[in-house]
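Step one of this worksheet: look at the structure below.
The values are calculated or read from the model by the stated rules, or taken from the named source; none is laboratory data. All of these numbers come straight from a predicted model, not from anything done at the bench. Here the Cβ positions follow ideal geometry from the backbone for every residue, glycine too, while neighbour counts run over all protein chains shown.
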Amino acid sequence: MIYKTVGKTGIRVSSLCLGTLSFGEENDENIYFEMFNKCRELGINFFDTANTYANGRSEKVLGKCIAGCRDEVVIATKLANPTSDNINDRGLSRRNILLAVEDSLKKLKTDRIEFYYCHKLDLFTDVEETLKALDDLQRQGKILYPAVSNWAAWQIMKALGISRSKELARFECVQPMYNLVKRQAETEILPMALEEKIGTVTYGPLGGGLLTGKYGAEKMVKGRLAESEVYKKRYGDHKNYTIADKFANYALSKGFHPATLAVAWVMSHPAVTAPIIGGRNLDQLKPSLSALDVKMTKEWRDEISALSIKPASPTDRSEDL
């Protein structure tokens with residue numbers, strides 16, 4: 001296992017992170033223990049959840065999984081999405097941050113959270129208010145580092161500027177969507193993370209299943225892409241399915257499961273600390289775990305990248321780049 005340091009924190013994590021979005025969806029918890037134990041067997045020490053996954057059950061299941069090895073693993077969870085019908089049980093207000101962290105600590109059965117993500121932007125709360133509350137949590141030892149997901153690069157930089165000027169705990173990890181059909185993070189977020197020495201833990205390396213070989217321009221099977229309105233909207237553009245077809249054929253021609261090569265491609269970006277992988281069971285997870293055995297060269301990465309659409313430059317003066 002290759003371990004990487006998260007930004008400037010000194011915390012070293014495995015080059016794959018297990019996401020627990022599915023933990024708690026089924027009644028049989030043995031499914032999740034099997035996945036967790038396999039990851040630990042391979043040296044994975046990084047686990048990601050959120051207070052809304054499986055209606056809060058994900059944190060509870062993960063808490064049970066880590067009970068015997070808490071000090072050997074690194075845990076990340078998130079807040080901001082609604083957890084009840086109460087209008088204040090959401091967002092990044094001081095009130096919600098202070099209540100949400102206590103709830104997550106209780107469910108995870110732990111005394112601290114290594115990386116605590118703002119899951120999305122809160123348009124109703126001033127950023128400085130959020131940062132002050134997170135700084136308080138760090139000083140109390142309830143979180144080790146604030147982190148951020150699904151913010152634009154300029155929004156993150158604004159927060160970093162406030163943290164620097166007010167001497168508040170800064171975001172030390174960023175979690176953007178990143179895969180072969182969703183490459184927008186390459187434009188500003190990944191370069192920003194490298195420049196600011198921020199850890200980057202990306203989600204969605206398989207594009208919601210699009211890059212597993214199950215889907216294509218002329219084929220559709222049961223799964224999130226077929227059944228979830230969110231995923232239909234996110235990946236429904238026909239060009240994504242065309243890219244998926246080309247990529248699946250390419251991967252198979254090289255002797256790899258498409259999921260394995262999709263994860264390995266994300267891992268190979270120099271800004272990426274660890275992609276988040278997941279599945280509903282161990283069989284679904286195994287192809288992603290196999291990415292650990294892929295030795296991706298820059299030339300090979302470029303060849304795979306050419307199968308998809310390169311995102312536009314952040315500036316119109318492309319002749320200066």
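Any residue at all in segment 113-128 that is part of a helix (DSSP H, G or I), in contact with a strand residue (DSSP E or B) (Cβ under 7 Å, 6 or more places away or on another chain) and either within 19 Å of Asn51 (Cβ to Cβ) or modelled with pLDDT of 95 or more (or both)?
No.
Of the residues Leu137, Leu131, only one is in a helix (DSSP H, G or I) and in contact with a Ser or Thr (Cβ under 7 Å, 6 or more places away or on another chain); which?
Within the list Leu137, Leu131, the selection yields Leu131.
Quick check on segment 93-112. Is at least one of its residues exposed (fewer than 15 other Cβ atoms within 10 Å of the Cβ), touching a Lys or Arg at 6+ places or on another chain (Cβ under 8 Å), in contact (Cβ under 8 Å) with a residue 40 or more places away in the chain and not acidic (Asp, Glu)?
Yes, some residue in segment 93-112 is exposed (fewer than 15 other Cβ atoms within 10 Å of the Cβ), touching a Lys or Arg at 6+ places or on another chain (Cβ under 8 Å), in contact (Cβ under 8 Å) with a residue 40 or more places away in the chain and not acidic (Asp, Glu).
Across segment 12-35, which residue is surrounded by the most Cβ atoms within 10 Å (Cβ to Cβ) among those that are under 17 Å from the mean Cα position of the chain (by Cα) and farther than 19 Å from Asn81 by Cα?
Looking at residues that are under 17 Å from the mean Cα position of the chain (by Cα) and farther than 19 Å from Asn81 by Cα, I get Leu18.
Can you find even one residue in segment 77-90 that is in contact with a helix residue (DSSP H, G or I) (Cβ under 7 Å, 6 or more places away or on another chain), modelled with pLDDT of 95 or more and exposed (fewer than 13 other Cβ atoms within 10 Å of the Cβ)?
For segment 77-90, residues in contact with a helix residue (DSSP H, G or I) (Cβ under 7 Å, 6 or more places away or on another chain), modelled with pLDDT of 95 or more and exposed (fewer than 13 other Cβ atoms within 10 Å of the Cβ): present.
When both residues are 6+ apart or on different chains and their Cβ atoms are under 8 Å apart, which pairs have a first residue that lies in segment 277-302 and is within 23 Å of Asn30 (Cβ to Cβ), and a second that is acidic (Asp, Glu) and outside any loop (DSSP other than H, G, I, E, B)?
Hits for this filter: Asn281/Glu34; Leu282/Glu34.
Would you call Glu102 in contact with a strand residue (DSSP E or B) (Cβ under 7 Å, 6 or more places away or on another chain), among the acidic types (Asp, Glu) and outside any loop (DSSP other than H, G, I, E, B)?
No, not satisfied.
State all residues of segment 106-151 that are hydrophobic (A, V, I, L, M, F, W, C) and over 10 Å from Leu92 (Cα atoms); if no residue qualifies, say none.
To start, the set of residues in segment 106-151 that are hydrophobic (A, V, I, L, M, F, W, C) comprises 108, 113, 115, 118, 121, 123-124, 127, 131, 133-134, 137, 143-144, 147-148, 151.
Residues satisfying the conditions are Leu108, Ile113, Phe115, Leu137, Ile143, Leu144, Ala147, Val148, Trp151.
Cβ-Cβ distance below 6 Å, separation of 6 or more or different chains: which pairs start in segment 230-241 with a residue that is closer than 13 Å to Gly209 by Cβ and end on one that is assigned to a loop (DSSP other than H, G, I, E, B)?
From residues that are closer than 13 Å to Gly209 by Cβ, the pairs are Asn240/Val181; Tyr241/Ala217.
Quick check on segment 18-26. Is at least one of its residues within 18 Å of Gly141 (Cβ to Cβ) and assigned to a strand (DSSP E or B)? Step through it out loud before you land on a result.
Keep residues of segment 18-26 that are within 18 Å of Gly141 (Cβ to Cβ), which gives none.
Taking every residue of segment 18-26 in turn, none turns out to be within 18 Å of Gly141 (Cβ to Cβ) and assigned to a strand (DSSP E or B).
Among the residues of segment 250-271, is any in a helix (DSSP H, G or I), surrounded by fewer than 15 Cβ atoms within 10 Å (Cβ to Cβ) and of a type in the set (A, V, I, L, M)?
Initial filter on segment 250-271 (in a helix (DSSP H, G or I)): 250-253, 258-267.
If we keep only those that are surrounded by fewer than 15 Cβ atoms within 10 Å (Cβ to Cβ) as well, we get 252-253.
Cutting the leftovers down to of a type in the set (A, V, I, L, M) gives us 252.
Yes, segment 250-271 contains at least one residue that is in a helix (DSSP H, G or I), surrounded by fewer than 15 Cβ atoms within 10 Å (Cβ to Cβ) and of a type in the set (A, V, I, L, M).
Read through the list (1) surrounded by fewer than 20 Cβ atoms within 10 Å (Cβ to Cβ); (2) under 16 Å from Leu42 (Cβ atoms); (3) in contact (Cβ under 8 Å) with a residue 40 or more places away in the chain, then give the number of the only condition that Ala312 fails.
Every listed condition holds for Ala312 apart from (2).
Here is a check on your reading of the model: is Glu195 charged (D, E, K, R) and within 23 Å of Ala244 (Cα to Cα)?
no
Identify all residues within segment 272-299 that are touching a strand residue (DSSP E or B) at 6+ places or on another chain (Cβ under 6 Å) and not in a loop (DSSP other than H, G, I, E, B); write none if there are none.
Once the filter is applied, which keeps residues that are touching a strand residue (DSSP E or B) at 6+ places or on another chain (Cβ under 6 Å) and not in a loop (DSSP other than H, G, I, E, B), segment 272-299 yields Ala274, Pro275, Ile276, Ser288.
Within segment 282-301, work out how many residues are exposed (fewer than 13 other Cβ atoms within 10 Å of the Cβ) and within 20 Å of Asp245 (Cβ to Cβ).
Total meeting the criteria: 0.
With the checklist (1) under 23 Å from Met192 (Cβ atoms); (2) of a type outside the set (A, V, I, L, M); (3) in a helix (DSSP H, G or I); (4) at pLDDT below 90 in hand, flag the one item Asp302 doesn't pass.
(4)
So, of the residues in segment 131-155 that are hydrophobic (A, V, I, L, M, F, W, C), closer than 30 Å to Ile304 by Cβ and without any contact (Cβ under 8 Å) to a residue 40 or more places away in the chain, which turns out to be surrounded by the fewest Cβ atoms within 10 Å (Cβ to Cβ)?
Only one residue fits best here, namely Trp154.
Of the residues Gly63, Gly7, Gly43, which is buried (at least 19 other Cβ atoms within 10 Å of the Cβ) and either outside any helix (DSSP H, G or I) or in contact with a Cys (Cβ under 8 Å, 6 or more places away or on another chain) (or both)?
Gly7
For segment 207-227, check the following and say yes or no: at least one residue is touching a residue at least 40 places away in the same chain (Cβ under 8 Å) and at negative phi.
Within segment 207-227 (the criterion being touching a residue at least 40 places away in the same chain (Cβ under 8 Å) and at negative phi), the answer is yes, since at least one residue qualifies.
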